[in-house]
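**Q** Handing you this structure, nothing more for now.
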Amino acid sequence: VLFRSKRGRVMLFDKLFKYKKNTVADIENKKRNQFEKAIQTAELYLSCNEYSIEEKKTILTYMMDVIKRDIQSEYIADLFYNDESKKISLEFVPTLYFDKDGIKHYLEFSECQEVSLKDNYVITFPWNCGRMGDNILNIIKNGFKNYPINHIVYYYKELNICQVMNGNHSIAAGVYTEKGTVLAKIVDMKPLFENLKTDGAYYYSIHNNTIIEKVQDFRIAVIFEIAKMKYKLENELEP
């Protein structure tokens, strides 16, 4: 007999519920720990007196590029592993921030520029195996064509990373073939560096620690903080 009493059933369900809650908490803690480890590693490079400023920038760029490759591969490959593929539906980073006076501002999206699918880190979120297969065959045969009406892409300039908001299957196929370009709206990240921080779980206002937005992928948060370090280094080079 699996359950001998009502009390026994309640106790078992309670244990299962607690286990599930702990599992979710463990996952969140793991992500936060991974974020902290990556930032500590970047800070070690940054504090090393044996490296010049240019050498520090090179190492920070290397860290960011490796993480971008990890993100790029995962969101495409996830389509084959799960019934529902992973995606990031919001912008990679908050589009609003508050300055030191508490005034709300929004990020500016400037005019588009061409982005190479071979030379840039373009993150796509394909969700249908059939459409992915059709696009791969079509683009290998006929080449990649940019359709500005259908292809919506954001280019986070200081992060040097692109996020596809629409046209995921065809652009993912273009990334695979390493041919073609897309037009991407440029997002100026500098105001966020001066007004935002993150712990890998949330983005906060630097000025009063108010939560601005939940982090959707801790790796983007890592890239954000390392890009901020690099941005500060570049400013130190200015006269």
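**Q** Could you identify the single residue in 120, 146 that is open to solvent by less than 40 Å² (accessible area, probe 1.4 Å) and either part of a loop (DSSP other than H, G, I, E, B) or at pLDDT below 95 (or both)?
**A** On the way: 146 fails: open to solvent by less than 40 Å² (accessible area, probe 1.4 Å).
After applying the criteria, what remains is 120.
**Q** Here is a further query. Count, please, the residues in the range 97-113 that happen to be within 17 Å of residue 209 (Cα to Cα) and surrounded by fewer than 13 Cβ atoms within 10 Å (Cβ to Cβ).
**A** From the range 97-113, those within 17 Å of residue 209 (Cα to Cα) are 97-105; that's our starting set.
If we keep only those that are surrounded by fewer than 13 Cβ atoms within 10 Å (Cβ to Cβ) too, we end up with 100-104.
Selection size over the range 97-113: 5.
**Q** Which residue out of 158, 178 is more than 30 Å from residue 235 (Cα to Cα) and in contact (Cβ under 8 Å) with a residue 60 or more places away in the chain? Break it down into steps so the answer makes sense when it comes.
**A** On the way: 158 fails: more than 30 Å from residue 235 (Cα to Cα).
Result of the check over 158, 178: 178.
**Q** Against the conditions (1) part of a loop (DSSP other than H, G, I, E, B); (2) within 22 Å of residue 98 (Cα to Cα); (3) open to solvent by 40 Å² or more (accessible area, probe 1.4 Å), where does residue 213 fall short? Just the number, please.
**A** Answer for residue 213: the failing condition is (1).
**Q** Could you look through the range 66-91, keep only residues that are under 14 Å from residue 132 (Cβ atoms) and in contact (Cβ under 8 Å) with a residue 40 or more places away in the chain, and pick out the one that is surrounded by the fewest Cβ atoms within 10 Å (Cβ to Cβ)?
**A** Within the range 66-91, the first condition is being under 14 Å from residue 132 (Cβ atoms), and the residues that meet it are 75-82, 85, 87.
If we keep only those that are in contact (Cβ under 8 Å) with a residue 40 or more places away in the chain as well, we get 75-76, 79-80, 85, 87.
Details: 75: 22, 76: 20, 79: 22, 80: 10, 85: 19, 87: 14.
Among them, the one singled out is 80.
**Q** Can you name the residue in the range 179-208 that is hydrophobic (A, V, I, L, M, F, W, C) and in a loop (DSSP other than H, G, I, E, B) and is also nearest to residue 226 (Cα to Cα) among such residues? Spell out the reasoning first.
**A** Taking the range 179-208 and keeping what is hydrophobic (A, V, I, L, M, F, W, C), we get 182-184, 186-187, 189, 192-193, 196, 201, 206.
Narrowing further to those that are in a loop (DSSP other than H, G, I, E, B): 189, 201, 206.
Values: 189: 13, 201: 16, 206: 16 Å.
Ranking the qualifying residues of the range 179-208, first place goes to 189.
The values are calculated or read from the model by the stated rules, or taken from the named source; none is laboratory data. Because the structure is predicted, anything quoted here is derived from the model rather than measured. In this analysis, Cβ positions are derived from the backbone assuming ideal geometry, glycine residues included, and neighbour counts consider all displayed protein chains. Note: accessible area is taken over every heavy atom of the protein model, side chains too, but ligands, DNA and RNA are not part of it. Shrake-Rupley method; radii C 1.70, N 1.55, O 1.52, S 1.80 Å.
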